[in-house]
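Worksheet for the structure shown next.
The values are calculated or read from the model by the stated rules, or taken from the named source; none is laboratory data. Source: prediction; values computed, not measured. Using ideal geometry, Cβ is built from the backbone for each residue, glycine included, and neighbour counts are taken over all protein chains shown. Accessible surface is based on the protein model in full, side chains and every heavy atom, while ligands, DNA and RNA are left aside. Shrake-Rupley method; radii C 1.70, N 1.55, O 1.52, S 1.80 Å.
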Amino acid sequence: MARSRRPRRRTVAIAIVLAIAVVFGVGALLEPTTHDPPEVEQVTEEDLVQPVEDGSYLWPYTSRGETTSERTLAINLLVHGPDDAVRRSLTDRTSFEFEEEEEPAGDEPDEHGVVVDDEGLEWADAHGAVRYSYVDASPRGGDAVWLTEAYQLHSGTYLGERYHVRAYTHPEEDWTAIQAHTDYWDWFRLRHTVPDIHEAGLEIESDYLEAPFVEEVRREYHGIEGGYSDGWISVIELESEIEEPDDLDAVDDPETGLTDKATTDEATADEASDNEATADDDPHSAAIEPLGGGGVAWILGLLGIVGIAGILAAETRRDLARAGRAVVGEISRRRRAIALATALAGIVLGVRVIGIGVETAVPALHPKAIAAVLYPILALGMPAAALLLARGTEPWAAASFALLGAGGAFAVDFGMVSVSFLPIRLVLHRIGLLLALTLIAAGSAMGDERGKQFLAAGLAAWFLGLGLPLADVI
């Protein structure tokens, strides 16, 4: 009988390993959503757009290499203006001053400087892979060239979620092509994943809508397909009269002589004084109610507690006490399984929180240096926790709690970086990792020859699941 069981157990283990391999394999075969390469090696005229009449042509995409066959994301914004002004309009808009006419009553039009408030998204220099775009400057007498981004910016955190901008400029043109997208750091793939480009584009467009240094914001349809594009590009025209003043600390108000900030602070103080005077003059504001709403709620709550205590019979209270002791006993009996689930969840979420925290606290430290320290905790800590904490538990409980802890942590982690949609290949990748952890936990809990087979299969599947993304397969 024992001999007949061994082949059956071995068959089960092999079947599980094959199932995990199929899950990873299907995920690897699916085309990544961040890639949408056409079968074109040369940029033809119909694939280009012309931001300015009689100006240079732009290929409205980015690419991993100097070829259209490695196309990634679509260009979604075009900002017209000098290159430096475009960059400052994103990163340092308070440095803008330009002349705006005002019409005082009964006087000739007067001109005064306007300083822009630094509102909107906060941008910083970004780390990111090099992406190329293509400009054909032959209408200007130039050459067709592949360009790397002039600069990268981001708003958010590298190891969390962020808006990420790649900006492309050409010396023959006064426009900047921008590829803006949302991305998040995937710890199990050690790279950023791009779920969308529309949200980032709309956020930047809305920032420009209310800016006084912007002449026009519009959208142009170019029929762009692929790269997450809906065919439209947001076009922003900066004012032509933007200047750089020598002193940008304040601009005097032409009527009061006060700076904008002083005027605002004085108005705020006056408004607060008026509110206080109004409150002092209102006889109802100082009245003391004999019994406020809080007092009524407290009394009603007390009466409710007394009523419930009176309704519950002694037998009911004894039943509740027995049920409570049973729950406590079950928790005590399953404490190692609960510790397993807690440890797995704590590793996943702890790595995310610590990574973001260190990046924020030490901005000079390259995010990849942080990832190099934290990734081994994730890659080795999770199987180690499943191996050690599952011992002494029932196999089904070990597998179930491993699935619960890691699966719940995956869901919470995606929520922390605001992921609302997952491509099927990433879902299958996470399922494969979960199955690997359940095999490790169940095999460790068995503690026999069959358990060793499950344990070996789980470890092999786990490191296979981590290795495939590093090989750029998933």
Can you confirm whether L433 is open to solvent by less than 60 Å² (accessible area, probe 1.4 Å) and either within 27 Å of H154 (Cα to Cα) or within 19 Å of the chain's Cα centre (by Cα) (or both)?
no
Restricting to region 46-64, what's the tally of residues that are closer than 16 Å to V235 by Cα, open to solvent by 30 Å² or more (accessible area, probe 1.4 Å) and either under 30 Å from the mean Cα position of the chain (by Cα) or not β-branched (V, I, T) (or both)?
3
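Residue by residue, here is whether (1) within 19 Å of L470 (Cβ to Cβ); (2) surrounded by fewer than 23 Cβ atoms within 10 Å (Cβ to Cβ); (3) aliphatic (A, V, I, L, M) holds:
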residue: A369; (1), (2), (3): yes, yes, yes
residue: A372; (1), (2), (3): yes, yes, yes
residue: A384; (1), (2), (3): no, yes, yes
residue: S400; (1), (2), (3): no, yes, no
residue: A406; (1), (2), (3): no, no, yes
residue: S418; (1), (2), (3): no, yes, no
residue: P423; (1), (2), (3): yes, yes, no
residue: M446; (1), (2), (3): no, yes, yes
Touching a Pro at 6+ places or on another chain (Cβ under 8 Å) and modelled with pLDDT of 95 or more, is that true of I233?
yes
Cβ-Cβ under 6 Å pairs, at least 6 apart or on other chains, region 319-341 side at pLDDT 70 or above, far side surrounded by 12 or more Cβ atoms within 10 Å (Cβ to Cβ) and among the hydroxyl-bearing types (S, T, Y):
R336/T393; A337/T393
Among A13, A2, A21, A28, which is at pLDDT below 60, farther than 26 Å from D174 by Cβ and exposed (fewer than 13 other Cβ atoms within 10 Å of the Cβ)?
A2
Pairs with Cβ under 7 Å, 6+ apart, first in region 342-362 and charged (D, E, K, R), second part of a helix (DSSP H, G or I)
R352/D413; R352/M416; E359/P367; E359/I370
Any helices (runs of 4 or more DSSP H) falling wholly within region 359-474 and containing at least 2 residues that are in contact with a Phe, Trp or Tyr (Cβ under 6 Å, 6 or more places away or on another chain) and over 22 Å from L190 (Cβ atoms):
424-446
Total residues in region 136-176, condition of a type outside the set (F, W, Y) and part of a strand (DSSP E or B)
18
Which of (1) assigned to a loop (DSSP other than H, G, I, E, B); (2) open to solvent by 20 Å² or more (accessible area, probe 1.4 Å); (3) touching a residue at least 60 places away in the same chain (Cβ under 8 Å) is the odd one out, the single condition D207 does not satisfy?
(1)
Going through G120, G81 one at a time, which residue ends up being at pLDDT 90 or above and closer than 30 Å to W59 by Cβ?
G81
For Y228, work out the one condition from (1) open to solvent by less than 50 Å² (accessible area, probe 1.4 Å); (2) in a loop (DSSP other than H, G, I, E, B); (3) of a type in the set (F, W, Y) it doesn't fulfil.
(1)
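Filter region 174-198 for residues that are under 23 Å from P51 (Cβ atoms) and open to solvent by 20 Å² or more (accessible area, probe 1.4 Å) and give the result.
Those that are under 23 Å from P51 (Cβ atoms) and open to solvent by 20 Å² or more (accessible area, probe 1.4 Å): D174, H198.
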Identify, from the list G458, G451, the residue that is over 19 Å from L380 (Cβ atoms), in contact with a Pro (Cβ under 8 Å, 6 or more places away or on another chain) and open to solvent by less than 10 Å² (accessible area, probe 1.4 Å).
G451
Screening P376, P363 for residues that are at pLDDT 95 or above, farther than 13 Å from L437 by Cα and surrounded by fewer than 18 Cβ atoms within 10 Å (Cβ to Cβ) leaves only P376
